[in-house]
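All remarks here apply to the structure that follows.
Computed from the coordinates by the stated procedures, all read-outs in this text should not be read as laboratory data. Because the structure is a prediction, the values reported are computed rather than measured. Every residue, glycine as well, gets a Cβ built from its backbone with ideal geometry; the counts of neighbours run over all protein chains shown.
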Amino acid sequence: MPESKLFIEIASLETEQKNPQTENIDIASTKEILGMINDEDLTVASAVRKEIPNITKAVDRLVESFKAGGRLYYFGAGTSGRLGIVDAAECPPTFGTDPEMVQCIIAGGHKAVFKAQEGAEDAPENGAREIIERGIRTPDVVCGIAASGRTPFVKGALEEARKRNIFTILIATVPKKKAIENGMIADIMICPVVGPEVITGSTRMKSGTAQKLVLNMLTTASMVRLGKTLGNVMVDLQLTNAKLRERANRILMMLADVDYDTAEKILKENGGHVKTALVMLLADVDVEQAKARLKKAGGFIKKAIF
């Protein structure tokens with residue numbers, strides 16, 4: 001019986017090859033196993049660094065999209081989908097964004113976040129249907145996350161998005177050429193090639209780490225470009241719990257050189273908006289003037305206080 005097309009496709013992936021550096025991991029000591037994993041992890045950052053030109057293009061396009069009211073939609077399955085969900089979920093508390101601004105659709109739905117839904121990723125029409133049913137449209141951006149560069153669910157989403165002239169990004173950990181051969185096409189393709197995994201085919205390891213690094217870069221750089229930080233301090237956080245409220249107090253104390261009581265007082269005056277509080281303190285203006293300055297400055301505090 002001849003090998004199937006899928007068998008050949010999967011067998012040719014870099015992540016499915018045996019890693020010569022870890023072939024004796026099964027007889028290694030615990031310390032040796034951990035050393036092998038760490039040694040392989042050290043190669044991931046350099047693979048991602050090679051993709052900075054493509055990541056730069058993606059960030060610039062995302063900033064343009066966000067300014068036009070667009071949303072970022074991640075599409076992924078398994079580990080890739082869960083990484084997208086984590087990144088999307090962390091944007092509101094970190095950067096004060098609307099939960100609609102960055103979202104993730106995982107193959108298999110909510111259940112797949114906590115338990116693998118085998119086979120959920122195999123239908124490209126499911127990815128396409130999500131684009132249609134959610135009303136995803138320009139200026140939204142669709143970003144597929146697929147370590148293998150072949151996941152049918154992701155492929156279907158990207159194809160439907162391109163039909164609708166929606167800008168697309170692909171994050172994969174195989175060479176761009178291999179992803180294209182597998183039928184994956186996007187406007188920007190970010191493909192850090194991490195090579196064989198520590199455990200053959202276990203893409204939650206180096207591939208997952210590489211994808212997480214790229215996702216961090218996409219959203220963090222975009223938010224910085226949108227004025228969500230003052231220097232390297234996140235100042236657009238939402239005060240949704242005690243820890244974040246105290247962090248906000250500390251930010252005001254650190255950046256505006258005020259005491260704890262003053263920080264709390266100013267935050268209460270403006271409804272807990274840290275950026276407004278900072279402009280009030282640094283420019284010595286009232287709430288309404290601070291809001292007007294921020295609006296005129298496009299949300300950038302340094303521009304608002306001068």
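Mean separation of Cα pairs under 8 Å and 6 or more residues apart, divided by the residue count, gives region 44-225 a relative contact order of 26 percent. Give, as a single signed number, the net charge of other residues whose beta carbon lies under 13 Å from the beta carbon of VAL142, with Lys and Arg counted +1 and Asp and Glu -1. It works out to a net charge of +3. Counting charges near LYS302 (Lys, Arg +1; Asp, Glu -1) among other residues having Cβ under 12 Å from its Cβ returns a value of +3.
Projecting the Cα atoms of VAL154, VAL142, ALA112 onto the charge dipole of region 109-164, computed from C-beta unit charges around the Cα centre, puts VAL142 farthest toward the positive end. Dipole orientation for the chain: of the candidates GLN289, SER207, PHE95, GLN289 has the Cα lying most toward the positive pole (charges on Cβ; Lys, Arg +1; Asp, Glu -1). Of the beta bridges in the chain, as assigned by DSSP with both residues counted there, near 10 percent are antiparallel. Overall, region 230-304 carries a charge dipole of about 400 debye about its Cα centre when +1 sits on the Cβ of Lys and Arg and -1 on the Cβ of Asp and Glu, all other atoms neutral. Around the Cα centre of the chain, unit charges on the Cβ atoms of Lys, Arg, Asp and Glu (plus for the first two, minus for the last two) sum to a dipole of about 900 debye. Spatially close Lys pairs in region 1-155, defined by Cα atoms under 26 Å apart and a spacing of eight or more places or different chains, total 9.
Residue-wise HN-Hα couplings along region 268-273, as the Karplus relation 6.51 cos²θ - 1.76 cosθ + 1.60 with θ = phi - 60° gives them from phi, are 5, 5, 10, x, x, 9 Hz; Gly and Pro carry x. A simple charge model with +1 on the Cβ of Lys and Arg, -1 on the Cβ of Asp and Glu and nothing else charged puts the dipole of region 44-225 at about 380 debye relative to its Cα centre.
Sum up the charges of everything whose Cβ sits under 14 Å from the Cβ of GLN117, counting Lys and Arg as +1 and Asp and Glu as -1, but leave GLN117 out. Every neighbour counted, the sum reads 0. Calculated from the structure, semi-axes √(5λ) of the Cα gyration tensor in Å equals which of (1) 26, 22, 21; (2) 41, 23, 16; (3) 36, 22, 19? Matching the structure shown: (2).
Each Cα pair under 8 Å and six or more residues apart adds its sequence gap; the mean of these over the residue count of the chain is a relative contact order of 19 percent.
Remark: region 31-44, residue by residue, has Karplus-estimated 3J(HN,Hα) of 4, 5, 4, 5, x, 4, 4, 5, 4, 5, 4, 5, 7, 5 Hz, where x stands for each Gly or Pro and the curve is 6.51 cos²θ - 1.76 cosθ + 1.60 at θ = phi - 60°. With neighbours defined as other Cβ atoms within 10 Å of a residue's Cβ, the residues CYS191, CYS143, CYS91 order from fewest to most as CYS91, CYS191, CYS143. Amide H to amide H distances under 5 Å link VAL102 with LEU72, where only residues 5 or more positions off or on other chains count and H is placed in the peptide plane. According to the square roots a ≥ b ≥ c of the eigenvalues of the Cα gyration tensor, what is the shape class of region 44-225, taking rounded for a/c under 1.5, prolate for a/b larger than b/c otherwise, and oblate for the remainder? It is rounded, given that a/c, with a ≥ b ≥ c, falls under 1.5.
Normalising the average separation of contacting C-alpha pairs (under 8 angstrom, six or more residues apart) by the number of residues puts the relative contact order of region 70-143 at 42 percent. The distance from the alpha carbon centre of region 68-91 to that of region 131-204 is 13 Å, rounded to a whole number.
Going toward the positive end of the dipole of region 44-225, with +1 on Lys and Arg Cβ and -1 on Asp and Glu Cβ, which of PRO53, VAL86, VAL63 do you reach last? Ranked along the dipole, the leading option is PRO53. Size check on region 1-143: the Cα extents along the three principal axes, sorted descending, read 54, 41, 30 Å.
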